[in-house]
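The values are calculated or read from the model by the stated rules, or taken from the named source; none is laboratory data. Remember, predicted model here, so these are calculated numbers, not experimental data. Cβ placement follows ideal geometry from the backbone for every residue including glycine, while neighbour counts extend to all protein chains displayed. We work out accessible area using only protein heavy atoms, side chains counted, and drop any ligands, DNA or RNA first. Shrake-Rupley method; radii C 1.70, N 1.55, O 1.52, S 1.80 Å.
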Amino acid sequence: MKHILIVQGGGRPRGNTAQLVEHFAQGARDAGHQVETVSLLQVPVNGSLGCNACRYGKPCVQKDGFQGVADKILAADLIAFASPLYFWTISSRLKALIERFYA
């Protein structure tokens with residue numbers, strides 16, 4: 001059994017991305033895996049400020065939901081990012097989370 005984390009970056013709580021996530025999660029559960037979903041609508045994460053505090057081993061100066069999501073990512077065996085396509089790229093919510101992987 002694997003621990004799967006789904007990070008949902010869609011802007012609508014019942015939109016197409018949310019529906020896709022629900023079906024993916026159900027399929028993974030049916031296959032015997034443990035699934036957790038984090039919605040970036042409910043856990044706000046700001047983009048990187050580029051201050052470089054994390055680069056030098058200091059804690060992030062921003063006090064948002066990033067550290068909680070990062071802890072879940074580190075504990076997961078598999079991470080699935082789910083996002084609608086806006087201008088042929090991922091949502092700004094998901095991009096902000098990925099930017100914080102900087103250090």
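Structure summary
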| read-out | value |
| --- | --- |
| Enumeration of residues in region 43-89 that are among the β-branched types (Val, Ile, Thr), open to solvent by less than 80 Å² (accessible area, probe 1.4 Å), modelled with pLDDT under 95 and assigned to a loop (DSSP other than H, G, I, E, B) | none |
| Meets criteria (within 21 Å of residue 99 (Cβ to Cβ), within 17 Å of the chain's Cα centre (by Cα) and open to solvent by 60 Å² or more (accessible area, probe 1.4 Å)) for residue 19 | no |
| First in region 41-61 and closer than 14 Å to residue 95 by Cβ and touching a residue at least 12 places away in the same chain (Cβ under 8 Å), second anywhere and open to solvent by 80 Å² or more (accessible area, probe 1.4 Å) and not charged (D, E, K, R), Cβ under 6 Å, 6 or more apart | 48/102 |
| Filter result for residue 35 (closer than 21 Å to residue 96 by Cα and either at pLDDT 90 or above or open to solvent by less than 80 Å² (accessible area, probe 1.4 Å) (or both)) | no |
| Flag for residue 28 being closer than 17 Å to residue 78 by Cα, without any contact (Cβ under 8 Å) to a residue 40 or more places away in the chain, outside any loop (DSSP other than H, G, I, E, B) and open to solvent by less than 40 Å² (accessible area, probe 1.4 Å) | yes |
